[in-house]
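*Asks:* Handing you this structure, nothing more for now.
The values are calculated or read from the model by the stated rules, or taken from the named source; none is laboratory data. No experiment lies behind these values; they were computed from the predicted model shown. Neighbour counts run over all protein chains shown; Cβ positions are idealised from the backbone, glycine included. SASA here: full protein model, heavy atoms, side chains in, ligands and nucleic acids out. Shrake-Rupley method; radii C 1.70, N 1.55, O 1.52, S 1.80 Å.
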Amino acid sequence: MPLSLYWKCQLIGWSAASAYWGYAAFRTSIEFDFGQGIADFIGDVLAGILLTHAYRNFALRRQWHTLTLKALVGRMATAIIILSLLYMVLILCKLYLIRSLFSPQFLVPVRQFFTANWLTIFITGTRLLSIWVLAWHLYHYAQREIHTAKENARLSVIEKEARLNKLSAQLNPHFFFNSLSNIKFMVTENPGSARRAIDLLSDLLRNSLYGKDDALIPAREEVSLVKDYLELEKLRFEERLQTAITAEEALLDTLIPPFSIQVLVENAIKHGIEKTKEGGLITMNIAMKDGQIMITVQSPGELHIQQHARGLGLNNLEERLRLQYNGKASFAIREMPGKQVLATLLIPAA
C-alpha cells in the first residue's frame with residue numbers, strides 16, 4: 001500500500017533533519033562511532049514523528065484545522081511549548097541511553113547531563129516543532145482555501161448557467177410573440193404571405209429549440225436565422241424594408257451568443273423601419289477589427305427614441321455578453337449622420 005503524502009513528508013522531513021545532525025556530529029567528532037550515529041538517527045526520527053503525529057491526531061479530533069487564525073494562535077503557542085518540553089525530555093533520554101550503551105567510559109550523572117543540555121535541546125525542539133505545526137496548519141488552511149475557491153467557482157458557474165438560461169427563456173418568447181403578431185397582421189390581408197410567414201416561423205422555432213442548450217453557436221447559423229427573420233418581416237413591410245448583409249467568410253464559423261445579431265436587427269425594425277413612413281435600409285456586417293469580431297447593424301432612426309424605448313431584448317443582450325465573456329465583450333448604439341443609428345457588437349476572437 002503506497003504511503004500517503006503526509007507520511008512521505010514526515011519521513012523525509014525528520015530524516016533530513018536527523019541526517020543533518022548526524023553529518024554535523026561526523027564533521028566535528030575525532031572518533032565518530034557509526035553505530036551510535038545510526039542509533040541517534042533512528043531515535044531522532046522516531047521522536048519527531050511520535051510527537052508531531054500525536055499533535056496531528058489531537059488537533060484533528062478537536063477540529064483545530066478548521067479554526068480561524070485568531071482562535072488558533074493561542075492554542076498553537078501552548079501546543080508548541082508542550083511539544084518542545086516533551087521533545088526535550090525524549091531527546092535527552094535518548095542521548096543519555098545511547099551514550100551509556102555505546103560508550104562505556106560515559107559516566108556523567110543523569111542530573112548533570114540534563115542540566116548541561118536541556119536548554120539547547122529545548123530551543124532546538126521549539127524551532128523544529130514551530131516549523132512543523134505552522135506548516136501543518138498552513139497546509140490545511142491552503143486546502144480549505146482551495147476547496148472554498150472550487151466551491152465558489154462551481155456555484156458561480158451554476159449561477160451563471162441559470163442566469164443565462166433565464167435570459168434565454170425571456171428572449172425566445174419575446175421574439176416569437178412578436179413574429180406571431182406580424183403573422184396575425186397578414187392573415188386577413190395576404191393569406192399567401194401569412195402561410196410563407198408560418199413556414200419561416202416554423203424554421204426559426206425549430207432552430208431555436210435545437211440550439212436552446214448552446215451558450216454559443218456559429219455565426220453562420222445566426223446569420224441564417226437573421227435572413228429568415230428579415231424575410232419574415234419583409235412579407236409585412238414589403239418595399240419599405242431593404243436589407244444588405246455582408247460577412248467575412250472566415251468569421252462565419254466563429255462562435256457567438258445565439259440571437260445576438262437577431263435582437264439588433266429586431267430592434268432596428270421596431271424602432272427604425274416601423275417608425276419611418278418611407279422605411280429604409282438595414283445593413284448588417286461581420287468583420288475583424290483590432291483582434292475582435294465586430295458586428296454592426298445600421299438602420300434609419302433616431303438614437304434618443306431608441307434609448308428611451310430600449311426593451312427586454314437589448315438589455316438581455318448586454319447581460320448575456322457580460323456573463324458569457326466576463327466583461328471582455330461590448331455593445332453600443334450611436335447616432336450617425338442622416339438620421340441613422342449604428343449598433344456595434346464587439347466579441348473577443350477565439
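*Asks:* Say we look at the range 232-269 and pick out the residues that are touching a helix residue (DSSP H, G or I) at 6+ places or on another chain (Cβ under 8 Å) and open to solvent by 70 Å² or more (accessible area, probe 1.4 Å); which of these is nearest to residue 194 (Cα to Cα)?
*Replies:* 240
*Asks:* Next question, about the same structure. Could you say whether any residue in the range 248-268 is touching a Ser or Thr at 6+ places or on another chain (Cβ under 6 Å), closer than 20 Å to residue 334 by Cα, touching a residue at least 40 places away in the same chain (Cβ under 8 Å) and aliphatic (A, V, I, L, M)?
*Replies:* Yes, the range 248-268 has at least one match.
*Asks:* Could you go through the range 36-52 and let me know if any residue there is open to solvent by 60 Å² or more (accessible area, probe 1.4 Å), charged (D, E, K, R), at negative phi and touching a helix residue (DSSP H, G or I) at 6+ places or on another chain (Cβ under 9 Å).
*Replies:* So far as the range 36-52 goes, no, none of its residues is open to solvent by 60 Å² or more (accessible area, probe 1.4 Å), charged (D, E, K, R), at negative phi and touching a helix residue (DSSP H, G or I) at 6+ places or on another chain (Cβ under 9 Å).
*Asks:* Now a separate question. With the range 214-318 as the region, which helices (runs of 4 or more DSSP H) entirely inside it contain at least 3 residues that are more than 20 Å from residue 339 (Cα to Cα) and hydrophobic (A, V, I, L, M, F, W, C)?
*Replies:* Those helices (runs of 4 or more DSSP H) span 219-237.
*Asks:* While we're looking at this one, here's another question. Is there a residue being in contact with a Ser or Thr (Cβ under 7 Å, 6 or more places away or on another chain), among the small types (Gly, Ala, Ser), crowded, with 18+ Cβ neighbours inside 10 Å and modelled with pLDDT under 90 anywhere in the range 272-290?
*Replies:* yes
*Asks:* Do we have any residue at all in the range 84-104 that's out of contact with any Asp or Glu (no Cβ under 6 Å at 6 or more places or on another chain), open to solvent by less than 90 Å² (accessible area, probe 1.4 Å), in a loop (DSSP other than H, G, I, E, B) and closer than 22 Å to residue 38 by Cβ?
*Replies:* The answer is yes, given that some residue of the range 84-104 is out of contact with any Asp or Glu (no Cβ under 6 Å at 6 or more places or on another chain), open to solvent by less than 90 Å² (accessible area, probe 1.4 Å), in a loop (DSSP other than H, G, I, E, B) and closer than 22 Å to residue 38 by Cβ.
*Asks:* What are the residues in the range 311-338 that are under 19 Å from the mean Cα position of the chain (by Cα) and of a type outside the set (D, E, K, R), if any?
*Replies:* Hits for the range 311-338 are 321, 323, 324, 325, 326, 327, 329.
*Asks:* Test residue 43 against the stated conditions and say whether it is closer than 21 Å to residue 140 by Cα and at pLDDT 90 or above.
*Replies:* It is false that residue 43 is closer than 21 Å to residue 140 by Cα and at pLDDT 90 or above.
*Asks:* Applying the selection to the range 58-76, what residues are open to solvent by less than 50 Å² (accessible area, probe 1.4 Å) and either part of a helix (DSSP H, G or I) or at pLDDT 90 or above (or both)?
*Replies:* 59, 64, 65, 71, 72, 74, 76
*Asks:* Is one or more of the residues making up the range 130-144 more than 34 Å from the chain's Cα centre (by Cα) and open to solvent by less than 90 Å² (accessible area, probe 1.4 Å)?
*Replies:* yes
*Asks:* Does residue 114 qualify as being touching a helix residue (DSSP H, G or I) at 6+ places or on another chain (Cβ under 6 Å) and exposed (fewer than 14 other Cβ atoms within 10 Å of the Cβ)?
*Replies:* So residue 114 does not fit the description; no.
*Asks:* Consider the range 1-50. How many of its residues are in a helix (DSSP H, G or I) and among the charged types (D, E, K, R)?
*Replies:* From the range 1-50, those in a helix (DSSP H, G or I) are 5-28, 34-50; that's our starting set.
Add one more test, that the residue is among the charged types (D, E, K, R), and what stays is 8, 27, 40, 44.
Summing the residues that are in a helix (DSSP H, G or I) and among the charged types (D, E, K, R) in the range 1-50 gives 4.
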